[in-house]
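**Student:** Quick one: the structure is below, and I'll ask about it shortly.
The values are calculated or read from the model by the stated rules, or taken from the named source; none is laboratory data. Every value quoted in this text rests on a predicted model; they were computed, and no experiment measured them. For neighbour counting, all protein chains shown are included, and Cβ atoms are generated from backbone atoms with ideal geometry for every residue, glycine included. Ligands, DNA and RNA are excluded from the accessible area calculation, which covers all protein heavy atoms including side chains. Shrake-Rupley method; radii C 1.70, N 1.55, O 1.52, S 1.80 Å.
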Amino acid sequence: MPSSPASPPPLATPADPAARAGAARRNGAARRTELAAFLRSRRARITPEDVGMPPGLRRRTPGLRREEVAQLAGVGVTWYTWLEQGRPINASVQVLDAVARVLQLDVTEREHLYRLAGIPFVSEPDSDAEIVGVESQGILDALDPLPAAIYNSRYDVRATNAAYRALWPMTSIVARWERNVLYKLFTVPQCCMNFVNSAEELPWMVAQLRRNYGRHVGEPAWESFVALLVEESPTFAQLWASGNVAAPGKRVKSFTHEGIGVIKLTSTSLSIDGMAEHRFVIYTPVTEHDRLGIEQLRRIDDPVVGCSLHGRPLSAVIAERAAAAAPACGHPA
């Protein structure tokens, strides 16, 4: 008698929700453990000299200390310590970018860091148009010769046109994490600041930042940004502690440049459809004298950045920053 055909295998039953949740927790814990080990290994290979810090006293272990990485990245020491301990905390793109910058990670290492942190990896855009879109960049360029830029609610400079870059070149030649109006205004020496009416305008700008911060309380990128400015600028810390808030509006801002003098501009903000919390900021000359000042500024091939005592040609600043960004001998590019 022929044998009966083999019975079909039993149908797979869907996994129990509790079992799926348990597997997800285990996977997350394993990924965080690997993330912690990766960060420790990257930290161990960076010396204080690599990041411009004095070597200090003898160290029991090679590389930077956790508190040094946190300080340089502009994040809390406790938060970074928990990250290295594999605790279940949230890490934003901006915070991971700051940590990757301090640890001098290359593109492959940054991608690995993002994957272990459980967020999509996005390589740094090559151009402003990749951030704001070709259409918005086209509007900026069409506004030239009026200086214009796109800011977000934290005063990050997302894109600019040629006139804006001539007016304020240091918000365009630095790394993207550093392209922030407030960071530039509060960390430059007072004598080198080209913002003439800063005593009037900075309190208003911080008050506007405080108003925007209300929508982002607790977000790592915002908290680390505020902590960085509080640490680096006593003036910002005092203004921030006041708790003042303000709404955006039309303002008159005065800039000064070596050999040209004061240029007064009216700033106007326009919201952008499809880009939440982003706005065009357009600077219009107050008088014909101010318009001619912008034209004269744009004709200078190599403007001086800074005051008459500390100022240096823009080309020298760019060369110095490029040299500082070059990978140190013995470390991966």
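**Student:** With the checklist (1) under 26 Å from Asn152 (Cα atoms); (2) modelled with pLDDT under 90; (3) open to solvent by 80 Å² or more (accessible area, probe 1.4 Å) in hand, flag the one item Glu320 doesn't pass.
**Tutor:** (1)
**Student:** Please pick out the residue among Glu34, Glu49, Glu67 that is in contact with a Phe, Trp or Tyr (Cβ under 9 Å, 6 or more places away or on another chain) and surrounded by fewer than 18 Cβ atoms within 10 Å (Cβ to Cβ).
**Tutor:** Unique residue meeting the criteria: Glu67.
**Student:** Right, next: Can you work out which of the residues in segment 171-198 that are part of a helix (DSSP H, G or I) and of a type in the set (Val, Ile, Thr) is farthest from Val281 (Cα to Cα)?
**Tutor:** Pass one, segment 171-198, residues part of a helix (DSSP H, G or I): 171, 176-178, 181-187, 190-192, 198.
After this cut, where a residue has to be of a type in the set (Val, Ile, Thr) as well, the list is 171, 181, 187.
Numbers: Thr171: 14, Val181: 12, Thr187: 22 Å.
My answer is Thr187.
**Student:** Exactly one of these conditions fails for Asn194: (1) under 25 Å from Ala73 (Cβ atoms); (2) touching a strand residue (DSSP E or B) at 6+ places or on another chain (Cβ under 8 Å). Give me its number.
**Tutor:** All conditions are met except number (1).
**Student:** Further question on the same structure: How many of the residues making up segment 219-241 are open to solvent by less than 60 Å² (accessible area, probe 1.4 Å) and in a loop (DSSP other than H, G, I, E, B)?
**Tutor:** Total satisfying the criteria: 1.
**Student:** Restricting to segment 270-294, count the residues that are without any contact (Cβ under 8 Å) to a residue 24 or more places away in the chain and over 24 Å from Gly306 (Cα atoms).
**Tutor:** Residues that pass the stated criteria total 7.
**Student:** May I ask you to list the residues in segment 126-151 that are over 19 Å from the mean Cα position of the chain (by Cα) and under 13 Å from Leu270 (Cβ atoms)? Write out each step before concluding.
**Tutor:** Of segment 126-151, the ones over 19 Å from the mean Cα position of the chain (by Cα) are 134-148.
Within segment 126-151, Ser136, Ile139, Leu140, Leu143, Leu146, Ala148 meet the criteria.
Conditions tested, residue by residue: (1) surrounded by 17 or more Cβ atoms within 10 Å (Cβ to Cβ); (2) assigned to a loop (DSSP other than H, G, I, E, B); (3) modelled with pLDDT of 95 or more.
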| residue | (1), (2), (3) |
| --- | --- |
| Arg210 | yes, no, yes |
| Thr266 | no, no, yes |
| Ala276 | no, yes, no |
| Ile300 | no, yes, no |
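**Student:** Quick one: count up the residues across segment 137-170 that are under 21 Å from Leu229 (Cβ atoms) and in a helix (DSSP H, G or I).
**Tutor:** 1
**Student:** Quick test for you: out of Val262, Val245, pick the one residue that is in contact (Cβ under 8 Å) with a residue 24 or more places away in the chain, open to solvent by 30 Å² or more (accessible area, probe 1.4 Å) and in a strand (DSSP E or B). Outline the logic, then answer.
**Tutor:** Working: Val245 fails: in a strand (DSSP E or B).
The conditions single out Val262.
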